[in-house]
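Taking it in order: structure first as structure tokens, then the write-up.
Where a number appears in this text, it was derived from the coordinates with a stated rule and is not lab data. Since we're looking at a predicted model, the values are computed, not measured. Heads up, the Cβs are rebuilt from the backbone with ideal geometry, glycines too, and the neighbour counts pull from every protein chain shown.
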Amino acid sequence: MRELTYNEAAVEAVAEEMRRDPKIFYMSTDALPPLLKEFGAERVRATPITEAALTGMAIGAAGCGFRPIVDWRQVTFCFVAMDQIVNQAAKIHYMFGGQVSFPILYRAAVGGGGLVAAQHSQSPYSMFMNVAGLKMFLPSTPYDIKGLLKTAIRDNNPVISFESSRLMARKGPVPEEDYTIPFGKADIKREGNDVTVVALAWLVHEALAAAEELAREGISVEVVDPRTLVPLDAETIRNSVQKTGRLVIADEAGPTAGFSAEVAAVIAEDAATFARLKAPVKRVCALQVPIPYSPVLENHVFPDRNRIIDGIREVLRGRRSAEAA
Amino acid sequence: MQSLSPNLPPEEQREMLRRMLTIRRFEERASADYLAGKIYGVVHCYIGEEAVAVGVCTALERGDRIISTHRGHGHCIAKGADLNRMMAELYGRQTGYCKGKGGSMHIADFGIGMLGANGIVAGGIAIVTGAGLAAQMEGKGGVAVSFFGDGASNAGPFHECLNIAATWKLPMLYVCENNMYAAQTAAAATHALSDVAARATGYGIPGVVVDGNDIFAVYQAANRAVERARSGQGPTLIECKTYRWRAHTERRGQPDPRDPGEREAWMRRDPIAQLERQLREQSDLDDAGMESMERDIMAALEAAVAFAEASPFPTPEQATEDAFAA
């Protein structure tokens, strides 16, 4: 199968959908050259640096029958549009009794690794998960981002596509033919029996590397990639933990009230899963500080495969003696 | 001094009067029912400002779109919303415009181009600018109107949207209802310039100040702006100087620091009384005509209240419906 980068797969998803549906148009502070070339300046709009206006205009255009895409570029730029996201986009369908739908895609790059310091290295998706009325996802592969973006563009609700900065240039197989990936469907990226690692985006790859390394020691790691944050595929996560009895959650965001906390709650609240836990849940997250600039500091703040391995060893501690008893 | 009547047939001028009076009577009833505990939450009355909504909406076609503010009943009625469904919404019933999920601050009727009242000051300006962009892309000559207050004119979205609408020549009317107070704070204390319309210069678009209690002045300014928008020349900022007669909200004990003399002076310039006087002088409107108009409006309101009261409340389970569109 041919290979595309994560970013190429994303652009291809948008282009294919724009070819399919003339109601789709694209707004961002710089027009993406391949889209501009194919679709022209009417449908691929370079805008003023006006995220609040763009975010709100998408709502109005969607309510009038269009299917806008707003590319915030980096998630950090959307904070000036929080009223439009939280008070308007998330609520307008429900608050008006469902009288019309608002099909909108917002795109935002998240995550660190670029040594661009606190304002450009954020992973704040849990802030948005907390707001009722928004769907969102965070893919880890070119295949997933293409399929999820196509689903998002065809969805009749505001959807946020969080896209990992670290993965933009990463290649992976992407079929030529049309496909979509449904929301709320996790993907088991590697099957295993001893411990479940639920990881997002770049940390899916770190978890896979950790699993590979631990396999040499006879430790069998299952890596679950939720892909969609809202709706979250709790069932797949619970089933995996029921099988392994141990859970490590790896997230590039901080732990406090985060995605990792939500996954831990999904496990703890479910009697059948809770009963099968053989060890406390372990979270492997960024430290709860703004992301610093210097490589020494940034590397220390973010989790990686080594910390995932440490986390796995922690939940496995005492395994032999417990199982012998 | 009221403006000369525009080139509108007498029955349309009488319709303007009827709509203004409907807004007033609707809100008098809403206020009374709110104080009686039949309407919940919060109610913001538009009384005194009716000429702005009706004057502007008279210049629009049904397919044109508007957005409103937290003080939204007037815009709904001016655009042709159904009184029954409005009242049912205030009463929190299933049959309301929002199935009882919105209340006074969130009435919308997309079917008539009323894109909603909005509980956030300046919250609707960007949304309706998107409707203006949609109208431009549709290419059928539609326009979109943002109603907002003097308070919103100090918020970021006002400036962002004027710039983008001017740059893209969007078919927009930005109608500032300057009632001189943002909640309890005087506009004079929060605006460096006395005229919001003067800010249009900074965006290279026309800025017009009109007497917002003079419905013909409002209508004529809106009409010119609509023509300009429909012909692809871009947006206009219209500032309507007006006054809200009642406190910021209908809550009992709501502080109202405004000078009573100021309020009385504005009440003497009642937009409804002014139009009534003019139509009595210039058309065949007489006592009988006024009485019949009042009777019809009160009957429609009684029917709306009866409809609301007879309508079921939502079931508790309906709280989870419409969370997402299918």
Any residue on another chain or 5+ positions along whose placed amide H is under 5 Å from the amide H of B:V209 is listed here as B:E239
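Once fully extended, how much extra length lies between A:R317 and A:T256, figured as 0.36 nm per residue of separation less the alpha-carbon to alpha-carbon distance?
Contour length minus Cα-Cα distance gives 19.5 nm.
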Taking R0 as 22 Å and r as the Cβ-Cβ distance between B:A325 and A:M82, the FRET efficiency 1/(1 + (r/R0)^6), rounded to the nearest 0.05, comes to 0.50
Any aspartates and glutamates whose Cα falls less than 17 Å from that of B:K140, other than same-chain ones fewer than 8 residues away, would be A:E42, B:E61, B:D64, B:E227
Note on chain B: C-alpha Rg/Rh, Kirkwood Rh, two decimals, gives 0.95
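Which value, in debye to the nearest 20, gives the size of the charge dipole of the stretch A:183-241 about its Cα centre, when Lys and Arg are +1 and Asp and Glu are -1 at the Cβ?
Working: 6 positive and 11 negative charges, 39 e Å.
With Lys and Arg at +1 and Asp and Glu at -1, about 180 debye.
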Once the in-chain neighbours fewer than 8 apart are removed, the aspartates and glutamates whose Cα is under 13 Å from A:K189 read A:D144, A:E206, A:E212, A:E222, A:D225
The relative contact order of the stretch A:187-317, taking Cα pairs under 8 Å that sit 6 or more residues apart, comes to a percentage of 28
Note, the stretch A:85-99: 3J(HN,Hα) by Karplus (6.51, -1.76, 1.60, θ = phi - 60°), whole Hz, Gly/Pro = x, goes 6, 7, 7, 10, 4, 5, 10, 5, 5, 5, 5, 9, x, x, 5
By the mean-Cβ-within-10 Å protection proxy, highest first, A:275-282, B:196-203 rank as B:196-203, A:275-282
Here the Kirkwood hydrodynamic radius of the stretch A:3-173, Cα-based and in Å, equals 16.0
Distance in nm between B:A300 and A:N130 label points, each 7 Å along Cα→Cβ, equals 4.6
Each label sits 7 Å from Cα toward the beta-carbon; between B:R224 and B:L35 the label points are separated, in nm, by 4.1
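Considering every residue in A:45-52, what mean count of other chain Cβ atoms within 10 Å of its Cβ is obtained?
Numbers: counts 3, 0, 3, 5, 1, 9, 2, 9.
Mean shielding count: 4.
Could you give the semi-axes, largest first, of the ellipsoid that matches the protein assembly as shown, computed as the square roots of 5 times the alpha carbon gyration tensor eigenvalues and rounded to whole Å?
Working: eigenvalues 584, 140, 87 Å².
Output for the protein assembly as shown: semi-axes of 54, 26, 21 Å.
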Dividing the mean separation of Cα pairs under 8 Å (6+ apart) by the residue count of chain A yields a relative contact order in percent of 16
Here the whole-number average of other chain Cβ atoms within 10 Å per Cβ of B:150-160 is 3
Filtered hits (lysines, Cα-Cα < 19 Å from B:K101, offset >= 8 within chain) -> A:K91, B:K38
Residues whose modelled amide H sits under 5 Å from the amide H of A:D251, counting only those 5 or more places away in sequence or on another chain, are A:V284, A:C285, A:A286
Descending packing, highest mean Cβ count within 10 Å first, for A:32-39, A:219-226 is A:219-226, A:32-39
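With helices defined as uninterrupted DSSP H runs, which ones in chain B have an alpha carbon span along their own long axis of at least 24 Å and mean Kyte-Doolittle hydropathy of at least -1.0?
On the way: long enough: B:10-35 (38 Å, -1.15); B:287-310 (34 Å, 0.36).
Within chain B the helices that satisfy the rule are B:287-310.
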With x for Gly and Pro, the residue-by-residue ³J(HN,Hα) of the stretch A:282-298, computed from phi through the Karplus equation 6.51 cos²θ - 1.76 cosθ + 1.60 at θ = phi - 60° and given in whole Hz, is 10, 9, 10, 10, 5, 5, 7, 9, x, 6, x, 8, 4, x, 4, 6, 4
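Mind running the shape call on the stretch B:257-318? Use the C-alpha gyration tensor, a ≥ b ≥ c as the square roots of the eigenvalues: rounded below 1.5 for a/c, prolate if a/b tops b/c, oblate otherwise.
Values: a/c = 4.48, a/b = 1.49, b/c = 3.01.
Judged from the Cα gyration tensor, the stretch B:257-318 comes out oblate (a/c at least 1.5, b/c at or above a/b).
For the protein assembly as shown, what does -39500 (n - 2.57) per DSSP helix run (n ≥ 4), summed and divided by total residues, give at 222 nm, in deg cm²/dmol to the nearest 500? Don't skip to the answer; put the middle values down first.
On the way: 23 runs with 263 residues, N = 651.
Helix contribution divided over all residues of the protein assembly as shown: -12500 deg cm²/dmol.
Pairs of Cα atoms under 8 Å, at least six residues apart: use those to get the relative contact order of chain B, whole percent. If you can, show how the numbers build up before the last one.
Details: 638 pairs, mean separation 74.8, N = 326.
Averaging sequence separation for qualifying contacts and normalising by length gives 23 percent for chain B.
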By the mean-Cβ-within-10 Å protection proxy, highest first, B:10-16, A:289-295, A:48-54, A:133-139 rank as A:133-139, A:48-54, B:10-16, A:289-295
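Summarise the partner chain shielding of B:96-108 as one whole number: the mean count of Cβ atoms from other chains within 10 Å of each residue's Cβ. Can you show the working numbers first?
On the way: counts 1, 3, 6, 5, 1, 6, 5, 1, 0, 1, 6, 2, 7.
Per residue, the number of nearby Cβ atoms from other chains is 3 on average.
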With Cα coordinates, the longest principal axis of chain A makes an angle with the long axis of helix A:33-43, in degrees rounded to 10, of 50
Label model pair A:A215, B:A198: point-to-point distance (7 angstrom along the Cα→beta-carbon line) in nm is 7.3
Distribution output for the stretch B:133-243: share of Cα-Cα pairs per 5 Å bin in percent, first bin at 0, values 2, 13, 24, 25, 18, 11, 5, 2, 0
Length gained if B:R18 through B:F110 is fully extended, taking 0.36 nm per residue and subtracting the Cα-Cα distance, is 30.8 nm
Beyond 26 Å, the calculated P(r) of the stretch A:101-224 holds a percent of Cα-Cα pairs equal to 28
For A:M1, placing the label point 7 angstrom along Cα-to-beta-carbon and taking the stretch A:171-196, residues whose amide nitrogen sits under 13 Å are A:172-181
Listed by chain and number, the residues whose amide H is under 5 Å from that of B:Y181, excluding neighbours fewer than 5 places away on the same chain and using placed H, are B:A187
